[in-house]
Amino acid sequence: MNTDTVADKSVSIADQIGNWIAGMDAARLPTSTVKAARMLLLDVTGLCVAGREESYIRAILASTEPGGRCTAFGHTGGFNAYDAALINGTAAHGEDYDDTFEGGPVHSGAVVVPAVLAVCEREQLGGDALLRGIAAGAELMCRLSLVAPRAIHSAGFHPTAVIGALAAAAGVSAALRLDARTATSALGIAGSMASGIIEYLAEGTSTKRMHAGWAAQAGIRAALLARGGFDGPRTVLEGRHGFFKAFAPSRPPNFEPVLDGLGQSWIMDTIAFKPYACGTMTQPFIDCAIALAERGVKAAQIREIVCDVGEGTVHRLWEDLAVKHRPPTAYAAKFSTPYCMAVGFFDRKAGFEQFTDARIHDPAVLELAAKIRYRIDPDNEYPKNFTGHLRATLADGSVLELRQPHMRGGAREPLSPEALNAKFADNAKYGGWNDPLAHAAQRWFSQAFDAATLEDAAQFRQ
């Protein structure tokens with residue numbers, strides 16, 4: 001269905017998605033999908049705790065209204081659903097350590113989990129609603145990201161932000177058991193709430209951090225408006241003035257990835273969980289830099305490093321190259337492949353402590369970053385696969401070439417449950433939780449989908 005129109009005007013793309021949402025049954029979800037949903041819940045919550053004291057979260061808190069029955073993990077008191085979703089979504093996405101879908105790329109968990117959890121607490125729903133909502137929202141977000149690959153970024157928008165509003169609306173609609181027509185309207189309404197430009201790249205400012213939280217609260221609002229009788233366009237996706245015309249005008253939309261196997265196969269099962277706290281496509285390059293260091297190469301021996309890259313990554317992760325060599329802020333450093341490679345080379349990791357104001361000004365790291373440049377590989381698989389490469393020329397003229405064929409943590413080499421639990425424990429500790437509280441949270445997550453209500457989430461407001 002490579003078209004921007006619908007042959008049968010009586011049944012739109014959103015109508016078909018609405019029917020799928022209305023028929024969602026948590027009891028019939030595959031075991032692999034339940035596992036993926038549980039991993040999203042665990043990973044997102046650990047990141048919420050890790051980021052709870054960051055300055056941008058304090059700014060978000062200053063914008064909220066106190067009171068409500070919804071939980072913002074790691075914060076005292078309750079919040080209304082919109083504020084809880086905004087806080088949790090911003091914290092989960094704030095350090096770019098959250099999950100990603102390699103075909104998109106989009107970050108599903110930081111949008112969908114906060115939206116669905118908040119509405120479940122607001123409406124006093126149980127674990128089956130939480131599971132339904134996470135599965136519906138994450139699945140739709142991954143599928144929508146395949147409609148027009150690279151075109152949303154090319155238009156200057158953030159796919160997680162704009163697609164996220166529709167995905168959150170779908171997840172909340174599923175949790176609330178909205179009927180098909182109402183769920184379709186929720187998608188239509190969310191199309192007008194979608195927003196998020198990528199100009200944060202210019203100076204490394206914080207707007208990208210709030211995109212997931214903003215999309216989460218938009219999805220809640222859209223679903224509740226629809227439930228109240230507000231209507232939205234059924235042709236929100238494929239219409240002449242629809243979502244993809246607005247946010248991805250350079251490429252004709254192909255809706256086959258959205259509808260093909262919808263309800264029978266679950267691509268959210270392949271969601272990747274990051275080993276490093278930085279931009280998704282930089283991750284395999286960090287692996288290459290660490291592998292170079294582990295061969296015994298010293299930074300002083302390196303004359304230059306040239307990386308083969310996908311053209312679609314250049315404008316976010318490589319250019320302006322002079323700025324990427326000396327990122328102006330710790331946040332900007334997360335989207336500088338030269339910096340990420342350099343700090344990975346020295347530290348053998350790229351976690352929270354590698355992206356601080358002090359670390360990004362380390363002369364040795366910056367000296368190595370300045371030696372790293374790129375060339376476009378026309379055969380690179382991006383965005384279908386995220387690969388890494390470096391060709392290092394040493395002072396003695398010798399050359400070392402290293403490749404990482406895929407993203408670790410993704411479908412080709414997933415993180416184990418043990419590794420993800422360790423990541424959660426590290427994030428909880430970084431955020432100030434003691435071991436008993438972290439262990440209690442892990443136990444709660446393992447049982448959350450079976451709970452009659454989610455009232456026990458209130459124990460994590462600290």
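The values are calculated or read from the model by the stated rules, or taken from the named source; none is laboratory data. Quick caveat: nothing in here was measured; it's all calculated off a predicted structure. Glycine gets a Cβ as well: all are built from the backbone with ideal geometry, and neighbour counts include every protein chain shown.
Only a single criterion out of (1) over 22 Å from residue 284 (Cβ atoms); (2) at pLDDT 95 or above is not satisfied by residue 393, namely (1). Set side by side, the residues 221, 209, 234, 227 differ, and just one is out of contact with any Gly (no Cβ under 9 Å at 6 or more places or on another chain), buried (at least 19 other Cβ atoms within 10 Å of the Cβ) and in the same structural domain as residue 44 (by TED's automatic domain parsing), which is 221. You will find that of 416, 446, the residue that is in contact (Cβ under 8 Å) with a residue 12 or more places away in the chain and of a type in the set (Ser, Thr, Tyr) is 446 and no other. Number of residues in the stretch 353-372 that are surrounded by fewer than 15 Cβ atoms within 10 Å (Cβ to Cβ) and either part of a strand (DSSP E or B) or not acidic (Asp, Glu) (or both): the value is 5. For residue 342, the requirement of being buried (at least 23 other Cβ atoms within 10 Å of the Cβ) and over 20 Å from residue 96 (Cβ atoms) is not met.
For the stretch 442-462, a residue qualifies if it is assigned to a loop (DSSP other than H, G, I, E, B), under 16 Å from residue 114 (Cα atoms) and hydrophobic (A, V, I, L, M, F, W, C), and exactly one does: 454.
Of all the residues in the stretch 130-163, those that are within 15 Å of residue 106 (Cβ to Cβ), buried (at least 24 other Cβ atoms within 10 Å of the Cβ) and not hydrophobic (A, V, I, L, M, F, W, C) number 7.
Conditions (1) closer than 19 Å to residue 402 by Cα; (2) of a type outside the set (Phe, Trp, Tyr), marked per residue:
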residue: 288; (1), (2): yes, yes
residue: 296; (1), (2): yes, yes
residue: 305; (1), (2): yes, yes
residue: 311; (1), (2): no, yes
residue: 325; (1), (2): no, yes
residue: 335; (1), (2): no, no
residue: 338; (1), (2): yes, yes
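The condition of being more than 18 Å from residue 161 (Cα to Cα), surrounded by 24 or more Cβ atoms within 10 Å (Cβ to Cβ) and modelled with pLDDT under 95 holds for only one of 74, 46, that being 74. Where helices (runs of 4 or more DSSP H) fall entirely within the stretch 145-249, those with at least 3 residues that are in contact (Cβ under 8 Å) with a residue 24 or more places away in the chain and closer than 19 Å to residue 83 by Cβ are at 159-175, 207-227.
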